[in-house]
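Peer 1: Encoded as structure tokens, here's the structure I'll be asking about.
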């Protein structure tokens, strides 16, 4: 029966069926073949969604959508240009910084690729004549934002694992997120060092610096409010999401005055669509894990892995290979819902810190967003640039290598970042 389940799931994915529906149909199939009562299926579907923590997901998405329609991106762009505008290949460096800032606000890599790409890819292509590198930079840099809190993948991981503090994950993600951004900036500098790109000769007066920084601060304060509220115990993730929406509405209507009712309705529509996809994945993922547990799959996997090695380092190395392979074919959220309930308890049995394993999981599976054949961010960036996705993937190789170095650091040298959540008592 397990073989039928995996063959059906992989077969449906191979037929280009969306992950959520492939997971759902393969689960319904084995329920039917196994003689399980179908009313139990609906009960388990509801049980998988009956968690208060999940309310934070649509709130985080809505806040990000509202901030995206509030004129915030132009402010992030101006501040990024102020920081690196005179560096060679400045538009590429600006692209990375904007993705870091904007991703930290909306917490979604795909939304980051779409929003920042629409603003930066064509402009960079026009300036440098290199659509491949412009699209590749947009795609890979979009992965950085969701690692810098607040993070939607971290919320999903915390739900799937069940024993990890969201506040601790948020704190742990700050340093690796910044290191990822620096690594991409360095990789970009190496890539463009011999290219005949023009330099930006724009100069800023002290008054310009103050004005641009003040405009940027309006956007930058949102993630600070959210993370500080959660870490300080003043707000749950759900309450922080509500605060973020109210702040975004205030900024959009009263400060930037670029938000209107039509934008709010559009943001609500996009939030419903994205939330529905995530919730379908979580609901059917919960049923799948329940059924797999009944079949003894987690116990068999644990026994197999523990029989291979008793070393935590070897276990992390094994998980690195598994996650990279899974990320090639399965989207990050679906992979976490399916794999985390199996492997998180196993990691604990090896004495691996739950926060370390959580951050390692989020970051490693995020690489799947920028690796073919399923890399969603690659496809979005390639669509905006109107070029084949193969060209984008090829241009992203140096950036992917830089990101892989940070993945190794997160997996094998956790002391680099775990000191921060521990300093706050997590």
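Peer 1: Just checking, does segment 13-22 include any residue being in a helix (DSSP H, G or I) and farther than 20 Å from residue 368 by Cβ?
Peer 2: The answer is no, given that none of the residues of segment 13-22 is in a helix (DSSP H, G or I) and farther than 20 Å from residue 368 by Cβ.
Peer 1: So, in segment 234-256, of the ones that are touching a residue at least 40 places away in the same chain (Cβ under 8 Å) and in a loop (DSSP other than H, G, I, E, B), which residue ends up nearest to residue 67 (Cα to Cα)?
Peer 2: 256
Peer 1: Counting only residues that are closer than 19 Å to residue 123 by Cβ and touching a residue at least 40 places away in the same chain (Cβ under 8 Å), how many does segment 179-198 have? Spell out the reasoning first.
Peer 2: Filtering segment 179-198 down to residues closer than 19 Å to residue 123 by Cβ leaves 184-185, 188, 191-192, 195-198.
With touching a residue at least 40 places away in the same chain (Cβ under 8 Å) added as a condition, the list becomes 184-185, 188, 191-192, 195, 197-198.
Qualifying residue count for the region: 8.
To keep it simple, each residue is scored yes or no on (1) part of a loop (DSSP other than H, G, I, E, B); (2) over 21 Å from the mean Cα position of the chain (by Cα); (3) in contact (Cβ under 8 Å) with a residue 24 or more places away in the chain; (4) more than 29 Å from residue 168 (Cβ to Cβ).
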site	(1), (2), (3), (4)
287	no, yes, yes, no
298	no, yes, yes, no
302	no, yes, yes, no
315	no, yes, yes, no
319	no, no, yes, no
324	no, no, yes, no
365	no, no, yes, no
387	yes, yes, yes, yes
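Peer 1: When residues of segment 23-35 are filtered for being under 30 Å from the mean Cα position of the chain (by Cα) and either surrounded by fewer than 21 Cβ atoms within 10 Å (Cβ to Cβ) or not in a helix (DSSP H, G or I) (or both), how many remain?
Peer 2: 2
Peer 1: Follow-up. Looking only at segment 77-84, decide whether some residue is surrounded by fewer than 24 Cβ atoms within 10 Å (Cβ to Cβ), in contact (Cβ under 8 Å) with a residue 40 or more places away in the chain, within 24 Å of residue 243 (Cβ to Cβ) and touching a helix residue (DSSP H, G or I) at 6+ places or on another chain (Cβ under 9 Å).
Peer 2: yes
Peer 1: Counting only residues that are touching a residue at least 40 places away in the same chain (Cβ under 8 Å) and outside any helix (DSSP H, G or I), which one in segment 36-67 is nearest to the chain's Cα centre (by Cα)?
Peer 2: Filtering first and then ranking leaves 51.
Peer 1: Can you go through 406, 384 and tell me which one is buried (at least 20 other Cβ atoms within 10 Å of the Cβ), in contact with a helix residue (DSSP H, G or I) (Cβ under 8 Å, 6 or more places away or on another chain) and modelled with pLDDT under 90?
Peer 2: Every option except 384 fails the conditions.
Peer 1: How do the helices (runs of 4 or more DSSP H) wholly within segment 101-162 filter down when requiring 2 or more residues that are surrounded by fewer than 24 Cβ atoms within 10 Å (Cβ to Cβ) and free of Cβ contacts under 8 Å to residues at least 60 places away in the same chain: which remain?
Peer 2: 109-128
Peer 1: Would you confirm, using the coordinates I've provided, whether residue 19 is touching a residue at least 24 places away in the same chain (Cβ under 8 Å) and farther than 30 Å from residue 245 by Cα?
Peer 2: Considered against the rule, which asks whether it is touching a residue at least 24 places away in the same chain (Cβ under 8 Å) and farther than 30 Å from residue 245 by Cα, residue 19 comes out as no.
Residue-by-condition table, conditions (1) closer than 25 Å to residue 400 by Cβ; (2) out of contact with any helix residue (DSSP H, G or I) (no Cβ under 9 Å at 6 or more places or on another chain); (3) crowded, with 20+ Cβ neighbours inside 10 Å:
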position	(1), (2), (3)
303	no, yes, no
317	yes, no, no
333	yes, no, yes
339	yes, no, yes
361	yes, no, yes
376	yes, no, no
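Peer 1: Right, something else. Which members of segment 199-226 meet the condition of being part of a loop (DSSP other than H, G, I, E, B) and either within 30 Å of residue 154 (Cα to Cα) or touching a residue at least 24 places away in the same chain (Cβ under 8 Å) (or both)?
Peer 2: 199, 200, 201, 202, 204
Peer 1: Test residue 335 against the criterion of being at negative phi and free of Cβ contacts under 8 Å to residues at least 12 places away in the same chain, and give yes or no. Before the answer, list the steps.
Peer 2: On the way: at negative phi: yes; free of Cβ contacts under 8 Å to residues at least 12 places away in the same chain: no.
So residue 335 fails the test.
The values are calculated or read from the model by the stated rules, or taken from the named source; none is laboratory data. No experiment lies behind these values; they were computed from the predicted model shown. Here the Cβ is made from the backbone with ideal geometry for all residues, glycine too, and neighbour counts use every protein chain on show.
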